[in-house]
Amino acid sequence: MEFEKNIVEGIFINRPNRFNAKVLLNDEEIVVHVPNTGRCREILVEGTKIFLREELNPNRKTKYDLIAAMKGDIIINIDSQIPNKVVNEALINKKIKSLNKYSKINREKTFGKSRFDFKLSTEDDKEIYYLEVKGVTLEENGHCMFPDAPTERGAKHILELIEAKNQGYGAGVLFLIQLDKVKTFSPNYSRDPEFSNALKLAKEKGVDIFAYNCYVDKNSIELNEDVNIIL
C-alpha cells in the first residue's frame, strides 16, 4: 500500500511518554505523535533517522506522526494502525495462500469476549475463519519476536482463538513483521511468557500461526513472504 500523505525525514531526539516524541525537523525541535504504545527502545534511539507522516487535521495538537525509523540499513515501520491495512490488502489480492478460499472479508468482528481483526467466510458462508493480526517491530540479527512488552490483551486473543477452533470455526493469528530481510520469528518468552505459552498451546490445538515480513520504504509497505516460525 502506498501512503497518500506527505512523508518527511527527521532525527529522533527522545520520547518523553508513550504517545509523543521530540524530533529534529529542518533544524527545528518539534513534538510529534507516536502511533505505537510499545516500547520500541531498540528502534527509537537518539540520533536515528526517522520518517514522519504529515497530518492535515487542524484540530490535532501535533502536525506529524512518527511512522518509521532506520535501524542500520533497514527501515522499520512502527505505525500500529498499519498491519491490519496491509493484511486486508493482502487478503483482497489473495497473497496469503492458506486463506485464499475465503472471498468475504469483514473487519473488527466480535467473538465471545474478544473482537478479532477479521472474520472471513466462503462465498456460501459455510466456512468461517477468525483471524487476529499482530504487528511486529522487535528485531535482533534477522530474527523477530513478539511482543516487545507484556500484553495481557494479546494472550486473551490467543485463548479466544482456541475457543473459536474448539467450536468448529477456522482460527489463526498472523504476525505482520513491519520490516524486510527477516527469516525467522518466535514469541518473546523472556518478556511475556504468558502470551508465548498461550501461542504454543494454540498451535497444539490447531490454531494457524502465520508470520510474514514486508517490503518497506518511506512511502509504502506491502506484505512480502512468510518466515520460519520457531515455537
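Derivation of every value follows stated rules applied to the coordinates shown; laboratory data play no part. Quantities reported herein were computed from a predicted structural model and do not represent experimental measurements. Every residue, glycine as well, gets a Cβ built from its backbone with ideal geometry; the counts of neighbours run over all protein chains shown.
Dividing the helix sum by the residues of the chain, where each DSSP H run of 4 or more adds -39500 (n - 2.57), gives a mean residue ellipticity at 222 nm of -5000 deg cm²/dmol. Kirkwood analysis of the Cα pair distances in the range 1-101 returns a hydrodynamic radius of 14.7 Å. Cβ crowding within 10 Å, taken as a proxy for footprinting-reagent exposure, orders LYS183, LYS101, LYS71 from fewest neighbours to most as LYS183, LYS101, LYS71.
The GluC sites (Glu not before Pro) of the range 57-144 that meet both conditions, a loop assignment by DSSP and at most 12 other Cβ atoms within 10 Å of the site Cβ, are GLU123.
The C-alpha radius of gyration of the chain, expressed as a fraction of 2.2 N^0.38 Å, stands at 1.04.
When the alpha carbon gyration tensor of the range 96-231 is reduced to an equivalent ellipsoid, the three semi-axes, largest first, read 24, 19, 12 Å. Kirkwood hydrodynamic radius computed over the range 83-163 comes to 14.0 Å, based on all pairs of distinct alpha carbons. Exceedance of the 21 Å cut-off in Cα-Cα distance is limited, within the set LYS113/LYS134; LYS119/LYS205; LYS5/LYS49; LYS22/LYS181, to LYS22/LYS181.
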